[in-house]
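See structure below.
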Amino acid sequence: MTRFATPGVYVREQNAFGTSGRAVPTAIPAFIGYTAKAQKGTTSVLNTPTKIESLSDFEKIFGGAPSTTFSLKSKDDAGFSVSIDKGSQFYLYNSMRLFYANGGGNCYVVSVGDYSGPAKADDLLGEKTDGGLKALLLEQEPTMVVIPDALLLEASECYAVYRAVLKHCGWETKSRFGIFDVHNGYQARTFDNKDVINNFREAVGENFLSFGAAYYPWLETSIVTKDEISFKQISNPNELVKLLTREAEMRYPGGSASGAPKAAAGAKKEGDAAAPPAPAAGKVDEKNQKKYADAKAEIDKLKDTGAKASTLDQNLKAISPMYRSVLDSMRTELNRLPAAGVMAGLYSLVDNLTGVHKAPANVKVDAAVAPAVAISSENQEDLNMPINGKAVNAIRSFIGRGVVVWGARTLDGNSQDWRYINVRRTMIMLEQSVKNLMERYVFEPNTSQTWIKIRTSLVNFLTLMWKQGTLVGSSPTQAFDVALGLGSTMSSEDVMEGIMRISVRVAISRPAEFIEITFEQKMQEGGGAEGGAEAPAEGGEGE
């Protein structure tokens, strides 16, 4: 208050329009998992939430991809199979690549360890280290939680992590949303006690379901390129030597002293019109002898640990279709990835382009070749509307559109309030924004003057949200309602105890999930001349 002591003119400014607030950011996911390193400059950031802005930031601080290795097994029919060695695969790095390929931006990363050992639930939850999920309790900015490396655990441990994430989002912070994949979600449904969807629903729990959403199936992606795969990732190179040697004997029959082996599966039988006669066993074909010798010399270099990898890799690609097939199979395995990183990117993309009130669905997935499991409309019925309400959002492929997210439901699908992802996330944004706005009034007098200021601030903020399309209604009065005052939201006892109660009701947009178009026939209306022109009236001029 102005102190009047000296005669004169005193000027006092008074705010005419009150205050308003701004919406909190919504597109800030937090990723938890294993990385090559966790070093920011000279400081370790292990188990420390670290904000990054790009994939180059991630690689600078947390390193690159894990050295995933494969076991190769040759078959009697000259075929082969490859399998990833357990403990050598981690999903976080490629999930980050998919995140940024699909519109991701600022995010947090919590590294819980390097690639030297298998994934552990304790690392991801951080109960013993105060890292992992637990470390996020100290950060206010993240709005989503993604833990792709939880899928490396056994199903029971994976779903224990998911339940912890739901509790973290819906109870401990009340300001975050979990994005989940189905464990072994690259497998087709079996509708028995081994069904991946039923197992997910049974194990994910019953609490805080509106604070999470699940997606099925995993994706066949193109994020891992051909240049990232080589024979160095095969843990049993002797098996590769055996396989390529057998191929060379088939390609150059008679080129080796052992002669021609059995025909490969799919090869033309002797007697077919285009099939050349195979030389007798043990007989050397001079034309193929040099070709075989050159190929075998390159193949034998696989046994030499000192051989130059890049040169040998290119030479083998040039001379051996089988080698190229082995690398393609390895790349396919690495490119089969969970979808949570993709969805975090698409959530961010939709939030930034339209707003959090827009459902993150009917959007195309980039860097995806196909869903790991094809889903039809009939297949999706149980995913979208199960009896227990635990909806799993489908990712489908459509002709002419590619891979598209085709679901927008939370795990609480039976709730009229929290059925849709955008409704829950919009309410989180509004609650946190209003909470931040109201903190400036803590310890202000609990009187009508303060109530007027608060109501004005809230109306200004919610009107802005209405203008941006976050709230629905033809006018602000239809979009929201703010109640505050003695006898309205507070009693005399509340005021005496220092409690101010505010009631805010908002109308949040819901997606048009089902669009029904009704067609019916109508009677033909006659009277028109050919071509649609009206016929001249009787007696009128016809020319």
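The values are calculated or read from the model by the stated rules, or taken from the named source; none is laboratory data. This one's a predicted model, so the numbers in the text were calculated from it and none came from an experiment. Positions of Cβ are generated from backbone atoms using ideal geometry, with glycine treated the same way; all protein chains shown enter the neighbour counts.
Within the stretch 409-442, count every residue that is β-branched (Val, Ile, Thr) and either over 18 Å from Val482 (Cα atoms) or assigned to a loop (DSSP other than H, G, I, E, B) (or both). Count: 4.
Sub-9 Å Cβ pairs linking a first residue in the stretch 512-528 that is over 30 Å from Lys358 (Cα atoms) to a second residue that is of a type in the set (D, E, K, R) and modelled with pLDDT under 85, at least 6 apart or interchain, are Gly527/Glu534; Gly528/Glu534, ordered by first then second residue. Across the stretch 118-162, the number of residues qualifying as among the charged types (D, E, K, R), out of contact with any Gly (no Cβ under 6 Å at 6 or more places or on another chain) and under 18 Å from Gly185 (Cα atoms) comes to 2. If you scan the stretch 54-110, which residues turn out to be within 30 Å of Ala248 (Cβ to Cβ) and of a type in the set (A, V, I, L, M)? Within the stretch 54-110, Leu72, Ala78, Val82, Ile84 meet the criteria. Exactly one residue out of Lys291, Lys301, Lys287, Lys296 is over 23 Å from Lys242 (Cβ atoms), part of a helix (DSSP H, G or I) and at pLDDT below 95: that is Lys287. Taking the stated definitions as given, is Ser44 at pLDDT 95 or above and either over 30 Å from Pro237 (Cβ atoms) or of a type in the set (A, V, I, L, M) (or both)? Against the criterion (at pLDDT 95 or above and either over 30 Å from Pro237 (Cβ atoms) or of a type in the set (A, V, I, L, M) (or both)), Ser44 qualifies. Return yes when Leu152 is under 30 Å from Ala370 (Cα atoms) and crowded, with 18+ Cβ neighbours inside 10 Å and no when it is not. Spelling it out, Leu152 is indeed under 30 Å from Ala370 (Cα atoms) and crowded, with 18+ Cβ neighbours inside 10 Å.
The number of residues in the stretch 443-463 being in a helix (DSSP H, G or I) and not hydrophobic (A, V, I, L, M, F, W, C) comes to 9. Scanning the stretch 79-100 for residues that are among the aliphatic types (A, V, I, L, M) and either farther than 16 Å from Gly64 by Cβ or not assigned by TED's automatic domain parsing to the domain that holds Lys128 (or both) yields Val82, Ile84. Within the stretch 285-337, track down each residue that is aliphatic (A, V, I, L, M), under 27 Å from Arg97 (Cβ atoms) and without any contact (Cβ under 8 Å) to a residue 12 or more places away in the chain. If the condition is that a residue be aliphatic (A, V, I, L, M), under 27 Å from Arg97 (Cβ atoms) and without any contact (Cβ under 8 Å) to a residue 12 or more places away in the chain, then no residue fits. Would you confirm, using the coordinates I've provided, whether Asn47 is over 30 Å from Leu458 (Cβ atoms) and part of a loop (DSSP other than H, G, I, E, B)? Yes: the conditions hold for Asn47.
Of all residues in the stretch 187-213, those being over 21 Å from Val356 (Cα atoms) and in contact with a helix residue (DSSP H, G or I) (Cβ under 9 Å, 6 or more places away or on another chain) number 16.
In the stretch 202-225, the residues that are small (Gly, Ala, Ser) reach residues that are surrounded by fewer than 22 Cβ atoms within 10 Å (Cβ to Cβ) and in a strand (DSSP E or B) with C-beta atoms within less than 8 angstrom, at least six apart or across chains, in these pairs: Ser222/Val369. Specify the residue that is farthest from Leu337 (Cα to Cα); the eligible residues are those in the stretch 141-194 that are of a type in the set (S, T, N, Q) and without any contact (Cβ under 8 Å) to a residue 12 or more places away in the chain. Ranking the qualifying residues of the stretch 141-194, first place goes to Asn193.
Return a yes/no flag: does the stretch 27-40 have any residue that is over 27 Å from Glu333 (Cα atoms), touching a residue at least 40 places away in the same chain (Cβ under 8 Å) and not hydroxyl-bearing (Ser, Thr, Tyr). Checked against the condition, which is being over 27 Å from Glu333 (Cα atoms), touching a residue at least 40 places away in the same chain (Cβ under 8 Å) and not hydroxyl-bearing (Ser, Thr, Tyr), the stretch 27-40 yields at least one hit. Within the bounds of the stretch 428-437, is there any residue that is assigned by TED's automatic domain parsing to the domain that holds Ser509, surrounded by 13 or more Cβ atoms within 10 Å (Cβ to Cβ) and under 30 Å from Ile395 (Cβ atoms)? Within the stretch 428-437, none of the residues are assigned by TED's automatic domain parsing to the domain that holds Ser509, surrounded by 13 or more Cβ atoms within 10 Å (Cβ to Cβ) and under 30 Å from Ile395 (Cβ atoms). Might you let me know whether the stretch 229-249 holds any residue that is in contact with a Pro (Cβ under 6 Å, 6 or more places away or on another chain), surrounded by fewer than 23 Cβ atoms within 10 Å (Cβ to Cβ), outside the structural domain of Glu127 (by TED's automatic domain parsing) and farther than 30 Å from Val109 by Cα? Checked against the condition, which is being in contact with a Pro (Cβ under 6 Å, 6 or more places away or on another chain), surrounded by fewer than 23 Cβ atoms within 10 Å (Cβ to Cβ), outside the structural domain of Glu127 (by TED's automatic domain parsing) and farther than 30 Å from Val109 by Cα, the stretch 229-249 yields at least one hit. Only one entry of Asp300, Asp328, Asp382 meets the criterion of being under 30 Å from Phe191 (Cβ atoms) and of a type in the set (D, E, K, R), and that entry is Asp382.
Results for (1) touching an Asp or Glu at 6+ places or on another chain (Cβ under 7 Å); (2) free of Cβ contacts under 8 Å to residues at least 24 places away in the same chain; (3) over 24 Å from Glu157 (Cα atoms); (4) buried (at least 19 other Cβ atoms within 10 Å of the Cβ), shown as yes or no for each residue.
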residue	(1), (2), (3), (4)
Glu59	no, yes, yes, no
Gly64	no, no, yes, no
Lys73	yes, no, yes, no
Ile84	yes, no, no, no
Tyr93	no, no, no, yes
Gly104	no, no, yes, yes
Tyr108	yes, no, no, yes
Val112	yes, no, no, yes
Ala119	yes, no, no, yes
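Give just the number: which of (1) modelled with pLDDT of 95 or more; (2) buried (at least 17 other Cβ atoms within 10 Å of the Cβ); (3) within 30 Å of Met250 (Cα to Cα) does Phe31 not satisfy? Phe31 satisfies every listed condition except (3). Just to be sure, is Trp466 without any contact (Cβ under 8 Å) to a residue 24 or more places away in the chain and surrounded by 14 or more Cβ atoms within 10 Å (Cβ to Cβ)? So Trp466 passes the test. Can you name every residue in the stretch 397-408 that is touching a residue at least 40 places away in the same chain (Cβ under 8 Å) and not in a loop (DSSP other than H, G, I, E, B)? Val403, Val404, Val405, Trp406 - these are the residues of the stretch 397-408 that are touching a residue at least 40 places away in the same chain (Cβ under 8 Å) and not in a loop (DSSP other than H, G, I, E, B). The residues of the stretch 369-396 that are under 19 Å from Phe211 (Cα atoms) and either of a type in the set (Phe, Trp, Tyr) or not in a loop (DSSP other than H, G, I, E, B) (or both), listed by number, are Leu383, Asn384, Asn393, Ala394.
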